[in-house]
1. If I model a spin label at Lys25 and Met47 as a point 7 Å from the Cα along the Cα→Cβ vector, what separation in nanometres do I get?
2. Tell me, what ³J(HN,Hα) does each residue in the range 45-59 have, in order and in whole Hz, if you take phi through Karplus 6.51 cos²θ - 1.76 cosθ + 1.60 with θ = phi - 60° and put x for Gly and Pro?
3. Once amide H atoms are placed 1.01 Å from N in the peptide plane, what residues at a sequence separation of 5 or more from Thr44, or on another chain, have their amide H within under 5 Å of its amide H?
4. What's the Cα-based Rg to Rh of the chain, Rh via Kirkwood?
5. From the phi of every residue in the range 60-66, what ³J(HN,Hα) in whole Hz does the Karplus formula 6.51 cos²θ - 1.76 cosθ + 1.60 yield, where θ is phi - 60° and glycine or proline is x?
6. Principal axes first, then extents: for the Cα atoms of the range 11-50, list largest minus smallest coordinate on each axis, whole Å, largest first.
7. Just to verify a number: FRET efficiency for Lys34 and Ser54, C-beta to C-beta distance, R0 = 41 Å, to 0.05?
8. Tell me the net charge near Glu70. Cut-off is 12 Å between Cβ atoms, Glu70 excluded, with +1 for each Lys or Arg and -1 for each Asp or Glu.
Amino acid sequence: MANLEATGDKIIFYQCIGPNCRKKKGKLLGHYIKKYRLEKKVQTGTMGCTDRCSNAPVLHLHPDDIWFSEKDLGSVFKKYILNR
């Protein structure tokens, strides 16, 4: 995982790799990055379990400090990524 202080304003999606999130097999992030051709604008990383298992698979958007479930990924992209 990238050092949060060293990432500045880069857009980074961190995906939880805890056991509950792995079971849910979140795969939409890569789909959205390709769909909107954001490979050069968006980075991805992983994080350990954050005890947000009821929302699995869990993602975190940096630098906006937004935690969300993968089911909300489409609205997060529209609100925070595509409008930049």
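The values are calculated or read from the model by the stated rules, or taken from the named source; none is laboratory data. It should be emphasised that the depicted structure is a prediction, and the values quoted were computed from it without experimental measurement. For neighbour counting, all protein chains shown are included, and Cβ atoms are generated from backbone atoms with ideal geometry for every residue, glycine included. Heads up: the accessible areas ignore ligands, DNA and RNA and are worked out on the full protein's heavy atoms, side chains in. Shrake-Rupley method; radii C 1.70, N 1.55, O 1.52, S 1.80 Å.
1. That separation, rounded to one decimal, is 2.5 nm.
2. With coefficients 6.51, -1.76 and 1.60, one gets x, 10, 9, x, 4, 10, 6, 10, 4, 5, 9, 4, x, 9, 10 Hz.
3. Those qualifying (amide H under 5 Å, at least 5 residues apart or on another chain) are Phe13.
4. 0.93
5. Per-residue couplings from phi come out as 10, 9, 10, x, 6, 6, 10 Hz.
6. 30, 16, 8
7. Details: r = 29 Å, r/R0 = 0.70.
Calculated value: 0.90.
8. +4
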